[in-house]
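Written below as structure tokens is the structure these notes are about.
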Amino acid sequence: MGGSPLRILVVGAGIAGLAVARALRMAGFRPDVTEKLPPSELVDTGLYLPGNAARALRRLDLDGPVRPLGQVVHRQRFLDASGAPLCEVDLDALWADVGECRALPWSELYRVLLTGAGGAVRQGAEVCGIELLPAAVGVTFADGTAAEYDLVVGADGPRSAVRSLAALGGPSRPAGQVVYRAVVRGGPRVDEWTALLGQRAGFLVVPLGAGRLYCYADEAGTVPPADPQARLRELFGGYGGPVPEVLEVLERVHVGTTEEVELGRWFRGRVLLVGDAAHATAPTLSQGAAMALEDAVVLAESLKGADTVEAALMAYESRRRPRTRWVRDRTRDRNRTRDVPPALRDPLLRGRGGRIFGEHYRLLVDPL
């Protein structure tokens, strides 16, 4: 169907939606892209992209614009709460034939994807109705306008409206963590991805280049605190390594909870879910953006290579499910490792941690 005049709507203009729009344009389609939130409401934090994300960006022909951004990360360092070493993962060796790992501000990747998608996003366009027709999808927007499409792609995140409107599944469920995100300047010098593991809590610091650090912390729970900065200082005030200096320069913290989405199917009629709308997990493996970028590549290939939309959606889901299931299962594995009491966990990680953590990405090194 490559180059055919399919009418395609992509709902959501985050990483997943813009990546899908880019991939579809490269395959000869011209999708409409809508986003209910204005750009001013999009939260900017840091982003760590493992090697498989770099490979997907190459497939989208966006590796060139991304290459000058952020900082390449060569190694993951795991420390205990005091700052003493536990283990390391050599990222250059792990992803040697795939791509380099990079950390950068979310907004910088967003701008690259927005340009790559053609730049035309209908902002403030909220989908409020979906009707499954025999060979089309009727879509109603909150402003009262309506249109028909040959395919609707829901890329609107773990709390997807498209998922609900198309009866593809219920709400996301809590994954059991409260998460804190911040970007700081003027903090300590940190050259590599550095995580400190405590008692059912952890603190991650990743360099973004230009003197910036991306900080991600989590703790077991489902209710965000009223004062996230105070809670971070209470929870991590006794940690070692770079944490004390980071806490000193911390200014603005974004707090939220982790969510999971696990569905029996990803499409119904001609409505398809991608990215976190279909398979959200806790961000423990930093695979959210990578899975969204891979989704975009495979969806465009599936549409271009199939004779019908229905055949394309079946091919897409059959290719993507094994990888997203692997990410979900390995995410749960790593979360269970983190939740083991340090007195039991830390000796194990000092002996085998590098091999254990590296194994979590084994399937993702393979081609899409």
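Laboratory data are not the source of any read-out in this text; all were calculated from the coordinates shown. Computed from a prediction, not measured in an experiment: that's the story for all the values here. Counting neighbours? That spans all protein chains shown, and the Cβs are built from the backbone with ideal geometry, glycine included.
Database remark: amide H of ARG75 closer than 5 angstrom to the amide H of LEU91, TRP193 (H placed geometrically; neighbours at sequence offset of 5 or more, or on other chains; Pro and chain starts carry no H). Checking every one of the trypsin sites (Lys or Arg not before Pro) in the stretch 139-199 against DSSP loop status and a limit of 12 other Cβ atoms within 10 Å picks out ARG189.
Restricting to Cα pairs below 8 Å that are 6+ residues apart, what does the relative contact order work out to for the stretch 72-230? Please round to a whole percent. Value for the stretch 72-230: 21 percent. Remark on PHE29: its backbone amide H falls under 5 Å from those of GLY3, a criterion applied only to residues 5 or more positions apart or on other chains, H modelled at 1.01 Å from N.
In plain terms, the bigger the Kirkwood radius, the slower the diffusion; for the stretch 224-368, with that radius from Cα pairs, at 10 °C and 1.306 mPa s, Stokes-Einstein puts D at 87 µm²/s. Taking amide H as placed 1.01 Å from N in the peptide plane, GLU126 has its amide H under 5 Å from the amide H of ALA142, ASP143, each at least 5 places away in sequence or on another chain. Using a Gaussian network model of the chain in which every pair of alpha carbons under 10 angstrom is joined by a spring, one finds that among GLU248, GLU317, GLU301 the greatest mean-square fluctuation is at GLU248. For the stretch 123-196, the mean projected area of the C-alpha convex hull, equal to one quarter of the hull surface, is 8.9 nm².
Run lengths n ≥ 4 of DSSP H only: what is the helix-derived mean residue ellipticity at 222 nm for the chain, with -39500 (n - 2.57) per run over all residues, to the nearest 500?
-11000 deg cm²/dmol
Given the convex hull of the Cα atoms of the stretch 1-148, what is a quarter of its surface area in nm²? Don't skip to the end; give the middle numbers.
Values: hull surface 48.3 nm².
Taking the Cα atoms of the stretch 1-148, their convex hull projects to 12.1 nm² on average.
Computed from backbone phi with θ = phi - 60° and the Karplus coefficients 6.51, -1.76 and 1.60, the 3J(HN,Hα) list for the stretch 44-60 is 9, 10, x, 8, 10, 10, x, x, 5, 5, 4, 4, 5, 5, 4, 5, 8 Hz; x is used for glycine and proline.
Packing order of peptides 334-346, 75-87, highest average first: 75-87, 334-346 (average count of other Cβ atoms within 10 Å over each peptide's residues). Remark: the stretch 339-346, residue by residue, has Karplus-estimated 3J(HN,Hα) of 7, 5, x, x, 4, 8, 6, 4 Hz, where x stands for each Gly or Pro and the curve is 6.51 cos²θ - 1.76 cosθ + 1.60 at θ = phi - 60°.
Radius of gyration over Kirkwood radius for the stretch 283-347, both on Cα atoms: the Rg/Rh ratio is 1.23.
Given the options GLY118, GLY28, GLY64, which has the most mean-square fluctuation in a GNM of the chain, springs set between C-alpha atoms less than 10 angstrom apart? For the chain, modelled as a Gaussian network with Cα springs under 10 Å, the answer is GLY64.
Positive end of the dipole of the chain (Cβ unit charges, origin at the Cα centre): among LEU132, VAL205, ALA96, the Cα lying farthest that way belongs to ALA96. Could you work out which residue, out of GLY211, GLY46, GLY99, moves most in a Gaussian network model of the chain, that is, has the largest mean-square fluctuation with Cα springs under 10 Å? Of GLY211, GLY46, GLY99, the Gaussian network model singles out GLY211 as fluctuating most.
Based on alpha-carbon atoms, the Kirkwood radius and the radius of gyration of the chain give Rg/Rh equal to 0.97.
Residues in the stretch 170-186 carry Karplus couplings, in order, of x, x, 5, 10, x, 8, x, 9, 9, 10, 10, 10, 7, 10, 10, 10, x Hz; the curve used is 6.51 cos²θ - 1.76 cosθ + 1.60 with θ = phi - 60°, and Gly or Pro positions show x.
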